[in-house]
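Note sheet for the following structure.
The values are calculated or read from the model by the stated rules, or taken from the named source; none is laboratory data. Quick caveat, the model's predicted, so the values are computed rather than measured. Reconstructed Cβ throughout: ideal geometry from the backbone, glycine too, with neighbour counts over all protein chains shown. In case anyone asks, the SASA skips ligands and DNA or RNA and just uses the protein heavy atoms, side chains included. Shrake-Rupley method; radii C 1.70, N 1.55, O 1.52, S 1.80 Å.
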Amino acid sequence: MKKFVIYLLLLSFVSLSYSQRFRSYCQTDTITIVKDSMDYSLITYKPINCNVILTAIRPDTAATDIFFAAPAAFTAKNYKEIVGRFVGIDTVIANTTENETGLCSLSGDQAYIGPISDSLMYYYHAVQDENECYFQQMLLIYNEQKVECKIFGKQKPTFRRALAIRDGELLVIESLNRMNIGDFTDMMIEIGCTDAIYMDMGTWSEGFFINNKGERITIGALRQNTKHQTNWIEFRK
């Protein structure tokens with residue numbers, strides 16, 4: 001009888017470990033960095049056991065298979081169009097870019113982040129052939145090197161967000177303080193990001209994630225224009 005009880009306990013432990021190993025959720029971590037005698041904080045969102053996609057359909061906040069969602073590409077000034085070329089699971093768009101300097105192709109839980117160059121059309125068509133996703137945005141880091149971002153000019157510091165690669169893994173990084181884009185990029189490099197591309201932010205910042213307790217948490221400090229958002233990046237089970 002004693003051996004049988006021990007066997008059941010071991011079986012329960014193995015089952016629990018297996019379920020935890022393959023359970024999907026979004027893991028968060030807050031990192032504080034001192035710069036010029038000021039404390040600045042970044043939060044990282046690392047989806048666990050998820051695949052990343054793009055969509056032009058507003059995410060259902062009641063969905064049980066979406067573990068992170070937030071704006072990706074910029075929305076045009078007419079509030080109706082996605083800026084730049086975009087390939088989502090439900091939409092293929094060939095709009096012109098404005099000032100975008102980077103591209104991102106997405107497949108499974110991986111991404112390629114790089115500059116808009118002669119390879120632009122290659123990636124745009126390649127993702128369609130492979131049923132993958134693609135968008136264009138401001139490139140911030142490429143091959144561990146900072147890429148200057150000029151579009152914000154003398155804009156006052158605000159909250160920032162980016163899709164980044166660190167230690168070969170895909171994650172989203174957000175500033176918890178108002179920052180200029182240069183300082184935000186420097187801090188991502190400081191915490192080990194090798195590549196990063198901007199995500200629509202400012203007053204378009206609303207999103208959500210599901211933590212390891214199954215709780216749905218809304219993110220984004222400024223949300224005035226969220227109702228006009230045209231596209232989203234999602235991490236799904």
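Data table
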item	result
Cα centre as origin, Lys/Arg/Asp/Glu Cβ charges: the stretch 107-237 dipole, Debye	780 debye
List Thr91, Thr96, Thr218, ordered by accessible area with a 1.4 Å probe, largest first	Thr96, Thr218, Thr91
Rg to Rh, two decimals, where the stretch 94-196 supplies the alpha carbon set and Rh follows Kirkwood	0.97
Residue-level accessible surface for Glu130, protein heavy atoms, 1.4 Å, Å²	120 Å²
Heavy-atom SASA rank of Val127, Val147, Val92 (probe 1.4 Å, accessible area, largest first)	Val92, Val147, Val127
Integer Hz, Karplus 6.51/-1.76/1.60 couplings in order for the stretch 226-231, x for Gly and Pro	4, 5, 9, 4, 9, 7
Computed [θ] at 222 nm, deg cm²/dmol, the chain (DSSP H ≥ 4; -39,500 (n - 2.57); rounded to nearest 500)	-5500 deg cm²/dmol
Accessible area (Å², 1.4 Å probe, nearest 10) - Cys133	10 Å²
Trypsin sites (Lys or Arg not before Pro) restricted to the stretch 127-156 and DSSP loop, no more than 10 other C-beta within 10 Å	Lys150, Lys154
Long pairs among Lys80/Lys227; Lys77/Lys227; Lys35/Lys146; Lys46/Lys150; Lys213/Lys237; Lys46/Lys237, criterion Cα-Cα beyond 21 Å	Lys46/Lys150
Met121 accessible area, 1.4 Å probe, all protein chains in place, Å² to nearest 10	70 Å²
Relative contact order %, the stretch 155-214, counting alpha carbon pairs below 8 Å whose residues are six or more apart	40 percent
Cα gyration tensor shape of the stretch 33-121, rounded if a/c is under 1.5, else prolate or oblate by comparing a/b with b/c	oblate
From phi via Karplus (6.51, -1.76, 1.60), per-residue ³J(HN,Hα) for the stretch 106-117 in Hz, x at Gly/Pro	10, 8, x, 10, 10, 8, 10, 10, x, x, 6, 7
Translational diffusion coefficient (Stokes-Einstein; Kirkwood radius from C-alpha pairs) of the chain at 4 °C, 1.567 mPa s, in µm²/s	69 µm²/s
Length-normalised contact order for the chain - Cα pairs under 8 Å, 6+ apart - percent	27 percent
